[in-house]
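Engineer: Sharing a structure with you now.
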Amino acid sequence: MPWKPDYLTAEQAAAFVRAPGVDEDELATWCTAASRAVDTKCNRQFGKVDTLTARTYRRPAAYDVVSGLWLLEVDDVQDVTGLTVGGTAYADAGVTLLPDNAAADGRPYERLGFGDCPTGPVVVAAVWGWSAVPAQVVGACKLQVSRWAARRDSPYGVAGSPSDGSELRLLARLDPDVSTTLAGLSRRRRVG
């Protein structure tokens, strides 16, 4: 699975939308757009790099009084195989992976905890990303694509009939059901 993939294929979207005559290229475009909208909403992506990759973090760590650790925000990582910090295996480097219980909860690690404040850039090598795309991400993409499919037949963003009392304005923002579906997956980035 690549970094920042489409979380939904055109075939999956076509099966969900059930809109005859919708071009597969158009559905593929909507799948990509819905995937990036999910990334933006959640402030993270749900793909995974294929190999161990080094990344440099220059932001200063922030001290957490509760844990007594200096925290450094990193990109999401679920697979800790080969994870190194400054060229040393993370366990030997005295680094704590946070949040606690992330693996048991099916969540990624988002921060590294240090006993002493790291000085200068920190180079971390990991297989970055999520081991699998969460089901609610796929569901949110399906909802958003279906909204855009309905939008094609809605002049000026209005669906239904005013005379029948079923008029509905299609919002220019992310579908509210998509936002609800993604609750709990958003990442709040801390600034050191």
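Every number here is computed from the coordinates shown, using simple stated rules; none is lab data. Owing to the predicted nature of the structure, the values given are computational and were not obtained by experimental measurement. Here the Cβ positions follow ideal geometry from the backbone for every residue, glycine too, while neighbour counts run over all protein chains shown.
Engineer: Return the ratio Rg/(2.2 N^0.38 Å) for the chain, where Rg is computed over Cα atoms only. Let's see the in-between values first.
Structural biologist: Numbers: Rg = 20.7 Å, N = 192, 2.2 N^0.38 = 16.2 Å.
Relative to the rule-of-thumb radius for its length, the chain sits at 1.28.
Engineer: To continue, here is another question. Classify the stretch 53-127 from the C-alpha gyration tensor, please: rounded if a/c falls under 1.5, else prolate or oblate depending on whether a/b exceeds b/c.
Structural biologist: Numbers: a/c = 1.61, a/b = 1.08, b/c = 1.49.
Note, shape of the stretch 53-127 comes out oblate.
Engineer: Each residue of the stretch 27-37 in turn: what ³J(HN,Hα) in whole Hz from Karplus with 6.51, -1.76, 1.60 and θ = phi - 60°, glycine and Pro shown as x?
Structural biologist: Residue by residue, the stretch 27-37 yields 4, 4, 4, 5, 4, 5, 4, 5, 4, 6, 5 Hz.
Engineer: With charges only on Cβ, +1 for K and R and -1 for D and E, what is the dipole size of the stretch 19-60 about its Cα centre, in debye, rounded to 20? Kindly include the intermediate steps, with their values, before the conclusion.
Structural biologist: Details: 7 positive and 6 negative charges, 145 e Å.
Dipole magnitude for the stretch 19-60 comes out near 700 debye.
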